[in-house]
Amino acid sequence: MASFLQRIRNGLKAFNSQQTNEQYNRFIYNVLGNNRITNSQYNEDFIDKGYKYNPTIYSLIQLISKSAITVPFKIYQKLDESAVKEYKGLLSNGLNEESVFKSKLMRKHIFEEVEHSALGKLLERPNPAQSFSVFLQELISFGKLTGNRFVYGIAPENGENKGVYSQLYNLPAHLIEIKSDGIFKPVSKYTMMYNESKYELSSEEVLHIADFNPDYQGDGTHLYGQSPIEAGMRVLTTANEAVETNLKFLHNQSARGMLTPDDDQLTPTQAQQLKDALRRNYQGSKSANDIMITGKKFSWTNFGLSTSDLQLLESYNATIKDLCNLYGVPVQLLNNTESTTYDNYRIARKVLFTNAIIPELNKIRDEFNRWLVPMYGENLYFDFDYSAIPELMPEQQQLIDNLSKSYWLTTNEKREASGYGVDEDNPIMNEYLVPNQFVPISDLDLGISDDVTFPVQEAEEEDDVMTEDEMEDMQEQEEKQMTARLETSLRNKVEEHNEKVGDDKTKRTTVRTLYQVYRRGVGAYRTNPASVRPNVRNEDQWAMGRVNSYLYALRNGRFRSGKHDTDLLPEGHPMSSKDDKALADEVYDTRVEAQERAEAIGCSTTHTHETEDGMVYMPCANMEELEDALSKDKEEEEEEEYKQESYDDYPKSVRENAKKAQEINESFNNPCATLVGKNRANDLIAGRGLSLDIVKKTFAYLSRAYEYVTGDYIDEKDKPICGDISYSLWGGDNKVSRVEDDPMYKWCKRIIDKAEEDATT
């Protein structure tokens, strides 16, 4: 406190001893806060002497702002937050045709375009008087002139959209002053002076986009951005003086020169006669190439510009280059157009976008995403589409040649990149084509015979074979973990497929069903490598091929080759193998038995069916009612099962073992363990409770898997040891000398023993 008061005393002492206002303002800003921070830059001079007075500055600002508004903006829904940073980095450093094309492909996976949104409508018409192009041109122009851009947002004061901006206005940067509450709140308000009136705006209502200003003087002036013109003021002054000198000569010129006779003097009358004769005979366009003959010898004295004036005019062209450098604009776009060819003009236009326009748009994009976009949704993203810039598009023929070699792109992606549009009617156009053969990836199962089985989820040596209920539980768990990219891809396939098959219930499908097909494909890739062709690069590629094969069978009633996932086909589909055992178990020989069963599942009566073996009885009034009753009964059973006791008091080391094994496995791209083992690790790391059945399975697994444990996770060749990784994913400690000493093993045994003891009492 004493130190604080002493600083105040020193400041007041300095002020009272007639120190400068600048020093006093600096002191107030640092300690108490200054109500007004003056911009040290002469913004009005930048506008008057630059934009309004200098044709080069005017041309540069117009060129940058008018070119910038040709870049369209888009509103996206973010699908993959982690990939957005990579996407932004791609567009920020060394932008070229390749990076623009890559960014276009990335957008398809990390963003989903929002065509109609409140944010999009606002930006299309920021205010009643301006479209977005006019608004953006004004915003950029103020920034390039003053180094500052101020956007004012107006929001309703009440209603459901309270606090959400409905109008945006550019504020004149040269009329804005910052009001400060000191170093702890440098910007508290903004003040605009206009028509001798003062308007105060809160800092939350104004977006200030400032260029870098290194002038940290302690008085707050660094809060204003530095204008490019400030750095080039000397150059600008030189250019203006050169123009001014030329104008003065043209406006105020006297006689161009003087003729004097060499022998004797001329009388005033003779001089006037000579002047009239010269005007009459040798002035005008008709006498431009005539020859003048005089009877006397005369000397000529020129009254033109001085040497310094001529040098000033010659330096004018040099200043144009300097001003272009200030704004990152190639001089070819403003000067020396006689020697400009098409090729170097196109290159110059490309440099204009990469050096001047795109950095400006990136700055506006990032600030809008920080200040404006979150009002309309946390997951929205505002961006400019640089792929629409002609100068950044590769040459068409070169592009087509490169795309033809890009087998990692689908045909539709290639068509879109080439500007030919997407073929939505042909699903094969969305397939990857295998090099050399160029066949759809959905045909990769052509060599699979009917004898090859596709496991629902084949268990590795570490796991017991899962029951159908366990598989469904696992699939539900995995379904929640679907990546946004996969979900979007499957959803698009479902929508496209269902639109083609219409209302035919025997052919329609769901995202959940396709996800089951996908996961089975992943399982087949991992556990049945003999069924996988060598040219398939990864499990995702194989699984998506399986999905496409399933959709083909669903539409056409046949597989291209080997059958798979027929149990997932809808009832009524000619190839469906849905298990009808549940209904078959509801057939009784007597009405009494059927009635008993009906009452047990909530039905009041029975119905009959005529078969080859005679009359049979079934519960409920009809098959529809029976199916509904069985479904409700199953749900009740599942709910009861869900309510069974779970255990989450396993040792702390168990979580650490699972987490360590998971990290090591992920570092090698997850080559070890099945999905069951990986999900078990997720449960343990999250501290979720385990049912008694799961505890028993864990105990059984640890008992038999310990013999494969080596005590290490990575071998001498720097390859993962899957036995140890899988063992630890289940919570096991691979360092123990025997399985009986494993903390997880001992915990499971204690739970099982206690449960058996309770069951006998």
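Okay, here's what the table says:
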{"item": "Shape of the range 52-177, Cα gyration tensor, a/c cut at 1.5", "result": "oblate"}
{"item": "Sorted by Cβ density within 10 Å, fewest first, the residues TYR194, TYR165, TYR708", "result": "TYR194, TYR708, TYR165"}
{"item": "Pairs from LYS321/LYS350; LYS66/LYS88; LYS697/LYS717; LYS88/LYS189; LYS660/LYS696; LYS108/LYS659 whose Cα-Cα separation, in the structure shown, is over 21 Å", "result": "LYS66/LYS88; LYS697/LYS717; LYS88/LYS189; LYS660/LYS696; LYS108/LYS659"}
{"item": "Note, ³J(HN,Hα) from phi for the range 491-499, Karplus 6.51, -1.76, 1.60, rounded to Hz, x at Gly and Pro", "result": "4, 4, 5, 4, 4, 5, 5, 5, 5"}
{"item": "Ranking of SER576, SER65, SER203, SER227 by count of other Cβ atoms within 10 Å, fewest first", "result": "SER576, SER203, SER65, SER227"}
{"item": "Label-point separation in nm, SER299 to TYR194, each point 7 Å along Cα→Cβ", "result": "6.7 nm"}
{"item": "Backbone HN-Hα couplings from phi across the range 682-694 [Karplus 6.51/-1.76/1.60, Hz, Gly and Pro as x]", "result": "4, 5, 5, 5, 7, x, 6, x, 10, 5, 4, 4, 5"}
{"item": "Distant-in-sequence amide H partners of ILE721 (H built 1.01 Å from N, under 5 Å)", "result": "ILE714, ASP715"}
{"item": "Assigned charges on the beta-carbon of Lys, Arg, Asp, Glu; the range 646-760 dipole about Cα centre (debye)", "result": "180 debye"}
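Laboratory data are not the source of any read-out in this text; all were calculated from the coordinates shown. None of these values were measured; they are calculated from a predicted model. When we count neighbours, we look across all protein chains shown, and the Cβ atoms used for this are built from the backbone with ideal geometry, even at glycine.
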